[in-house]
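Only the coordinates and a few stated rules stand behind these numbers; no lab work does. The shown structure was predicted, so the numbers you read here are calculated from the model rather than taken from an experiment. Every residue, glycine among them, receives a Cβ derived from its backbone with ideal geometry; neighbour counts consider all protein chains shown.
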Amino acid sequence: MALKMAYHANCWGPLGGNAMGVTSITQLTYRTFANMDRAFADIARAGYEGVEIFDGNLLDDTPADLRRKLADAGLELVSTYSGGNFIFPDVLPEELARIERVAAAAAEAGASHYVIGGGAKRADGVLADDYKRLGDALDQVGDIARRAGLQAHYHPHLSTIVEGPAEVTRIFDLTDLDFCPDTAHLAAAGGDPAAQIREFAGRIGLVHLKGLQREPFGFTPLDTGDLDNGAVIQALKDTDYSGWVMAELDSWPDPYEGAARSHAFLKRHLA
């Protein structure tokens, strides 16, 4: 089993979005407000081989400049992450135009994967066809990613219409996209991440791992908290998963220390 370890660069500064997205949907990207050179250097120093960045950070540089920064750090760009509403027909073409622009830039910068989150919760509740709308939109995202040479994955996420186990199972009956499990989000929504990895073993090509503290709620390095990521890694071994394992941590007082602790945990459990 050939597993490679990567880390998300979202922990080195406040998380936010591109404010232009308030009035222009095509500009609505995620962003970490931080120095990516420092993030890349810390991630490499912690022992990782690859990195994932948000779409807003990806678009901050030309692909050539981003390639140079990653090469200087000794990292591979594994993936980028985008989100979308995906259930509003009038908005969807604008969201897909953004996805197309990001996919092209990610591929040119050397990425191989594209992680997608989303599925809006309406103010007045979920409509009967919202899941079908989401599934259809994700299939279109998958087509865009394939044309760019990327493998697309759907990432169930708290605050979307795909959180709990039943919703996860439902959406993957409605889309051909691969499944990117995020252990902390799945567990926080009442799922058993190890069991869900076994359930969807044939559709997992990228994994996000982070720790979860239930009270008070927060995400943690892999070596602490209430989530048994060791059992998750055992499920990956049992299902012969091979590919990238992406540790992440949305925020932490010392980002390098959090990354290093998670790397030590992964190295120990993947040995």
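The table below lists the values:
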| quantity | calculated |
| --- | --- |
| Pairwise Lys count, the range 3-270 - Cα closer than 29 Å, eight or more residues apart or different chains | 11 |
| Cut-off 14 Å between beta-carbons: net charge of the residues surrounding residue 130, Lys and Arg +1, Asp and Glu -1 | 0 |
| Stokes-Einstein D (µm²/s) once Rh is taken as the Kirkwood radius of the range 18-76 over alpha-carbon pairs, at 25 °C in 0.890 mPa s | 200 |
| Peptide ranges 218-224, 144-150 listed from the most packed, as the mean C-beta count within 10 angstrom indicates | 218-224, 144-150 |
| Along each principal axis, Cα extent of the range 150-235, largest first, Å | 35, 26, 23 |
| Considering only the range 1-122, percent of DSSP beta bridges that pair antiparallel, nearest 5 | 20 |
| Pairwise Cα inverse-distance average, inverted: Kirkwood Rh of the chain (Å) | 18.5 |
| Counting DSSP beta bridges with both ends in the chain, the antiparallel % (nearest 5) | 15 |
| Over the range 213-257: Kirkwood hydrodynamic radius from C-alpha pairwise inverse distances, Å | 12.2 |
| Coil-residue chymotrypsin sites (Phe, Trp or Tyr not before Pro) of the range 14-81, DSSP, other Cβ within 10 Å capped at 13 | 33 |
| The range 210-247 and the range 1-78: distance between their alpha carbon centers, rounded to Å | 21 |
| Two-site label geometry, residue 127 and residue 88: point separation in nm, points 7 Å out along Cα→Cβ | 1.2 |
| ³J(HN,Hα) computed for each position of the range 158-163 - Karplus, 6.51 cos²θ - 1.76 cosθ + 1.60, integer Hz, glycine/proline x | 4, 6, 10, 7, 10, 10 |
